[in-house]
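Asker: Next up is a structure, given as structure tokens.
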Amino acid sequence: MSGRPKILHVVGARPNFMKIAPVMQAVARAGFADQKLVHTGQHYDIAMSDVFFTDLGMPVPDIHLGVGSGSHAEQTAKVLVGFERVCLDERPDLVVVAGDVNSTLACSLDCAKLRIPCAHVEAGLRSFDMEMPEEVNRIVTDRLCEILLTPSPDADENLRQEGTDPARIFRVGNVMIDTLLAHLPKARAAGPQARMGVEPGRYGVLTLHRPSNVDDPKVFGGLVEALGEIQRHLPMVFPVHPRTRRRMEDFGLGPRVAALAGLRLCEPLGYLEFLGLTADAKLVLTDSGGLQEETTALGIPCLTIRENTERPVTVSEGTNTLVGVDPRRIVEEAMRALSGPGKAGRVPALWDGGASERIAEVLRTWKRVRSAPVT
Ligand code: UD1
């Protein structure tokens, strides 16, 4: 026993890894706590999980819950039961969760019931679209967590509007950008451009995985139609998420996609390869949350294939444009971006590589106002 506080960090799905990695490193540097890493196993493929640990230099998880895929209820419930056991065995003084995936929600709920303080990295984001499972996860997680670590002023404002005690809100900036800046030189060397047959600055990158885009054959078919047009003007690299690949097969879209000569499909890429690919792209098309932020940090024009975003600062200050799912509009906006330099932007305040240091400082100095024992 070191007598130091014990922190458990939780990761579950792909977008969690690059948020927790720098926080663990900053806490280790500050040296005030013992830390353990818990992987819920929400994502489990090598390409969706293991490669990120290697790329980001993360320690092997101390505890792995192995929950895997399932319906929202099944997945959330398995994490809920598994992580409760972990908390009872480990008796942490603090838990850190990140983002908006099902694992985030389940672990913060365990903490609230066990009266363990929980810190939420990337708190306060809102799309105001309850059709998105992530929006439900964000709202509930923020209601339950005692330490809300926000990336931008809009997030603080959302929390205040919901009646959150301002003493719980800590604006620390965007921790994903810490990871991006730290890995960019290595990532540039790892980019798969040569393997994919594309030249720096002369290709686009596409990612698609949101249920609202790929689970509906009409919407997905419309996106393939738009893509058919865009790839005639710009070769597009498309790392395909497992959900998307399955839907493509279910809906019989495979042959149509395979016939597009300018479209280069590949398996999901690791962190370094994907960042290396994005950093030299002419244009990015995506429905991802994190990629909207990464393109803003890199100054690469991004067309977001959604009707709304929980990251409005990427539109108001950054290089992001919301284009919805209408194929005509997507093609129009892509052509506009290709006919010139594309949307310019600036990097938002506190997206400066120092967010994880600020988080470590909040965690080091935070004092609970009221507490109750874990039973
Ligand atoms: C989850 C998150 C989403 C995040 C995304 C990044 C929720 C509600 N959603 O969505 O916010 O943007 O991760 O990828 O938490 N699969 C595999 N191997 C894996 C993981 C998934 O084959 O390692 C397949 C399974 O068929 C699974 C499907 O992908 O059913 C979807 O996975 P799931 O974790 O349910 O959600 P994502 O769509 O990945």
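Asker: Give me the pairs, please: first residue somewhere in segment 23-51 and of a type in the set (Gly, Ala, Ser), second residue anywhere and part of a loop (DSSP other than H, G, I, E, B) and away from the ligand (no atom under 16 Å from the Cβ), beta-carbon distance under 6 Å, and either six or more positions apart or on two chains.
Answerer: Ala33/Arg4; Ala33/Pro5
Asker: Okay, next question. Need at least 3 residues that are within 24 Å of Asp55 (Cα to Cα) and touching a Gly at 6+ places or on another chain (Cβ under 6 Å) per element, so show me which helices (runs of 4 or more DSSP H) inside segment 94-207 make the cut, counting only ones lying wholly within it.
Answerer: 175-190
Asker: Looking only at residues in segment 146-192 that are among the acidic types (Asp, Glu) and surrounded by 15 or more Cβ atoms within 10 Å (Cβ to Cβ), which one is farthest from the chain's Cα centre (by Cα)?
Answerer: Glu146
Asker: All but one of (1) away from the ligand (no atom under 16 Å from the Cβ); (2) closer than 30 Å to Gly299 by Cβ hold for Glu267; state the number of the condition that does not hold.
Answerer: Here Glu267 meets the rest and fails (1).
Asker: Quick check, is Pro5 within 17 Å of Val86 (Cβ to Cβ) and away from the ligand (no atom under 13 Å from the Cβ)?
Answerer: When the stated conditions are applied, Pro5 passes them.
Asker: For the condition over 27 Å from Ala344 (Cβ atoms) and either aromatic (Phe, Trp, Tyr) or within 16 Å of the ligand (Cβ to nearest atom) (or both), what is the one hit in Phe238, Phe220?
Answerer: Phe220
Asker: Does Cys107 fit the bill of being free of Cβ contacts under 8 Å to residues at least 40 places away in the same chain and not hydroxyl-bearing (Ser, Thr, Tyr)?
Answerer: Considered against the rule, which asks whether it is free of Cβ contacts under 8 Å to residues at least 40 places away in the same chain and not hydroxyl-bearing (Ser, Thr, Tyr), Cys107 comes out as no.
Asker: Output the number of residues of segment 160-216 satisfying the condition of being within 16 Å of the ligand (Cβ to nearest atom) and either in contact with a His (Cβ under 9 Å, 6 or more places away or on another chain) or of a type in the set (Lys, Arg) (or both).
Answerer: Of the residues in segment 160-216, 5 are within 16 Å of the ligand (Cβ to nearest atom) and either in contact with a His (Cβ under 9 Å, 6 or more places away or on another chain) or of a type in the set (Lys, Arg) (or both).
Asker: Right, something else. With respect to the numbered conditions (1) away from the ligand (no atom under 16 Å from the Cβ); (2) surrounded by fewer than 22 Cβ atoms within 10 Å (Cβ to Cβ), which one is the sole condition not fulfilled by Gly68?
Answerer: Here Gly68 meets the rest and fails (1).
Asker: If I filter segment 27-40 for residues that are among the aliphatic types (A, V, I, L, M), in a loop (DSSP other than H, G, I, E, B) and away from the ligand (no atom under 16 Å from the Cβ), do I get at least one hit?
Answerer: Checked segment 27-40: at least one residue is among the aliphatic types (A, V, I, L, M), in a loop (DSSP other than H, G, I, E, B) and away from the ligand (no atom under 16 Å from the Cβ).
Asker: Mind checking whether some residue in segment 210-231 is assigned by TED's automatic domain parsing to the domain that holds Cys302, within 13 Å of Leu265 (Cβ to Cβ) and in a loop (DSSP other than H, G, I, E, B)?
Answerer: No, because not a single residue in segment 210-231 is assigned by TED's automatic domain parsing to the domain that holds Cys302, within 13 Å of Leu265 (Cβ to Cβ) and in a loop (DSSP other than H, G, I, E, B).
Asker: Next up: Name the single residue, out of those in segment 255-284 being within 27 Å of the chain's Cα centre (by Cα) and small (Gly, Ala, Ser), that is nearest to Met48 (Cα to Cα).
Answerer: If we take residues in segment 255-284 being within 27 Å of the chain's Cα centre (by Cα) and small (Gly, Ala, Ser), then Gly270 is nearest to Met48 (Cα to Cα).
Asker: Cβ-Cβ under 8 Å, sequence separation 6+ or interchain: first residue in segment 260-278 and within 18 Å of Leu208 (Cβ to Cβ), partner acidic (Asp, Glu) and assigned to a helix (DSSP H, G or I). Which pairs?
Answerer: Thr278/Glu294
Asker: If you don't mind, another one. Which of (1) β-branched (Val, Ile, Thr); (2) crowded, with 18+ Cβ neighbours inside 10 Å; (3) within 26 Å of Val136 (Cβ to Cβ) is the odd one out, the single condition Val27 does not satisfy?
Answerer: (3)
Asker: Another one. Residue under question is Pro255, and the condition is that it be under 30 Å from Gly57 (Cβ atoms) and either at pLDDT below 95 or in a helix (DSSP H, G or I) (or both); does it hold?
Answerer: no
The values are calculated or read from the model by the stated rules, or taken from the named source; none is laboratory data. As the structure is a prediction and not an experimental result, all values here were calculated from the model. Backbone-built Cβ (ideal geometry, glycine too); neighbour counts: all protein chains shown.
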